[in-house]
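*Asks:* One structure, as structure tokens, below. Some questions next.
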Amino acid sequence: MAVDMKGKDVISIHDLSVEEVEQILKTAEMIKLMAKSGQPYRPLAGKTLGMIFQKPSTRTRVSFEVAAWQLGGYALYLSASDLQLKRGETIADTARVLSRYVDGIMIRTFDHNEVVELAAHATVPVINGLTDLLHPCQILADLFTIREKKGDLSRLRLAYIGDGNNVTHSLYFGAAKVGMDMIAITPEGYEPDAEILKLAREDAAATGASLELSHDPADVAGADVVYTDVWASMGQEDEHEERVRRMQPYQVNADLMARAKPDAIFMHCLPAHRGEEVTDEVADSRQSVIFDQAENRLHVQKAILALVM
């Protein structure tokens, strides 16, 4: 049975029900099939998406803008310098004003609390395009990609290796909602947020997913999916040298991939710092699905926009 998501904010996968996650994935599948066959689908005709960017972007910017246009709507790009936020206008006032102009707001920023506050005061749906805490749209696209490649998510094991960051957090939430086992493997001191893992394990109780944490790269053994991300995210550039030193044993290379299942796929949300968290040999291998992931951002974000707007 279809779930009505009209008007719903998409801030964290934790806030979505199991049924809503499934609805997004099924809708994305339908939209992708229609796009590949050339069938028009324009549920956003006459509607506008406001896109606030306080962080630069390739995939988020292009995929959301193209998605809105292909669905019949219009995406309005608003950089930090375009708005009065930089000159002292409150997030609450910005939310109230934009709600009078647009039918939905997507925001990509640093502080997660800004997204929460924006949603609290907006009267239109707010979509989290990325914060330092969470990256829900990326992980919904990742779940869609894994299901395309591997089938039933509840029968799989994902090993994330590297920095315990916003991608790790949303992967925990996503795995919990679909019943997929997951282990995050990080150096000591770079673990994901303990409260996020606690919340994700509460979600996992309903689906039977096992969510683990390790410091041993050998624990990629038996993984169906090996996933990594950059070792130093935006805003952590001053830590880059130390992070590279600490995380070198966690590099995804041919030797590490050989510990996973023979048919394991490799995933990366991009952009990749090739030669650091992943080697060219893995990123360009037949096991790599990184560009399918990137494409599926478009289809999944179309699904989100169609469902909530």
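The values are calculated or read from the model by the stated rules, or taken from the named source; none is laboratory data. On a predicted model such as this, the values are computed, not experimentally measured, just so you know. Because the Cβ atoms are built from the backbone with ideal geometry, glycine has one as well, and the counts that use them run over all protein chains shown.
*Asks:* Which of the following residues is among the aliphatic types (A, V, I, L, M), under 21 Å from His14 (Cβ atoms) and surrounded by 13 or more Cβ atoms within 10 Å (Cβ to Cβ): Ile183, Ile161?
*Replies:* Ile183
*Asks:* When Val167 is evaluated against the numbered criteria (1) in a helix (DSSP H, G or I); (2) out of contact with any His (no Cβ under 7 Å at 6 or more places or on another chain); (3) among the aliphatic types (A, V, I, L, M), which criterion, by number, is the only one it fails?
*Replies:* Of the numbered conditions (1) in a helix (DSSP H, G or I); (2) out of contact with any His (no Cβ under 7 Å at 6 or more places or on another chain); (3) among the aliphatic types (A, V, I, L, M), the odd one out for Val167 is (2).
*Asks:* Could you say which residue among Ile52, Ile91, Ile24 is over 22 Å from the mean Cα position of the chain (by Cα), within 16 Å of Asn128 (Cβ to Cβ), buried (at least 18 other Cβ atoms within 10 Å of the Cβ) and of a type outside the set (Phe, Trp, Tyr)?
*Replies:* Among Ile52, Ile91, Ile24, only Ile91 is over 22 Å from the mean Cα position of the chain (by Cα), within 16 Å of Asn128 (Cβ to Cβ), buried (at least 18 other Cβ atoms within 10 Å of the Cβ) and of a type outside the set (Phe, Trp, Tyr).
*Asks:* Also, quick follow-up: Given the conditions (1) surrounded by 24 or more Cβ atoms within 10 Å (Cβ to Cβ); (2) polar (S, T, N, Q); (3) assigned by TED's automatic domain parsing to the domain that holds Ala260, report the number of the one that Ser154 does not fulfil.
*Replies:* Single failed check for Ser154: (1).
*Asks:* Right, next: Would you confirm whether any residue within segment 183-190 is more than 30 Å from Pro43 (Cβ to Cβ), part of a loop (DSSP other than H, G, I, E, B) and touching a residue at least 60 places away in the same chain (Cβ under 8 Å)?
*Replies:* For segment 183-190, residues more than 30 Å from Pro43 (Cβ to Cβ), part of a loop (DSSP other than H, G, I, E, B) and touching a residue at least 60 places away in the same chain (Cβ under 8 Å): present.
*Asks:* Related question: Report, by residue number, each residue of segment 248-303 that is touching a helix residue (DSSP H, G or I) at 6+ places or on another chain (Cβ under 6 Å), farther than 22 Å from Ala184 by Cα and not hydrophobic (A, V, I, L, M, F, W, C).
*Replies:* Those that are touching a helix residue (DSSP H, G or I) at 6+ places or on another chain (Cβ under 6 Å), farther than 22 Å from Ala184 by Cα and not hydrophobic (A, V, I, L, M, F, W, C): Glu281, Asp292, Asn296, Arg297, His299, Gln301, Lys302.
*Asks:* Starting from segment 92-116, take each residue that is in contact (Cβ under 8 Å) with a residue 24 or more places away in the chain and list its partners that are of a type in the set (Lys, Arg), counting only C-beta distances under 6 angstrom and pairs at least six apart or across chains.
*Replies:* Asp103/Lys47; Arg108/Lys55
*Asks:* Tell me which of these Arg243 doesn't satisfy, since it passes every other one: (1) over 30 Å from Asp103 (Cα atoms); (2) buried (at least 17 other Cβ atoms within 10 Å of the Cβ); (3) modelled with pLDDT of 95 or more; (4) more than 19 Å from the chain's Cα centre (by Cα).
*Replies:* Result: Arg243 passes all but (3).
*Asks:* Tell me the residue from Ala260, Ala218 that is among the hydrophobic types (A, V, I, L, M, F, W, C) and surrounded by 15 or more Cβ atoms within 10 Å (Cβ to Cβ), please.
*Replies:* Sole residue among the options that is among the hydrophobic types (A, V, I, L, M, F, W, C) and surrounded by 15 or more Cβ atoms within 10 Å (Cβ to Cβ): Ala260.
*Asks:* Further question on the same structure: Read through the list (1) small (Gly, Ala, Ser); (2) outside the structural domain of Ala95 (by TED's automatic domain parsing); (3) crowded, with 24+ Cβ neighbours inside 10 Å, then give the number of the only condition that Gly129 fails.
*Replies:* Just one mismatch for Gly129, condition (2).
*Asks:* Give the number of residues within segment 94-116 that are in contact with a helix residue (DSSP H, G or I) (Cβ under 7 Å, 6 or more places away or on another chain) and either closer than 17 Å to Phe53 by Cβ or surrounded by 22 or more Cβ atoms within 10 Å (Cβ to Cβ) (or both).
*Replies:* The qualifying residues number 9.
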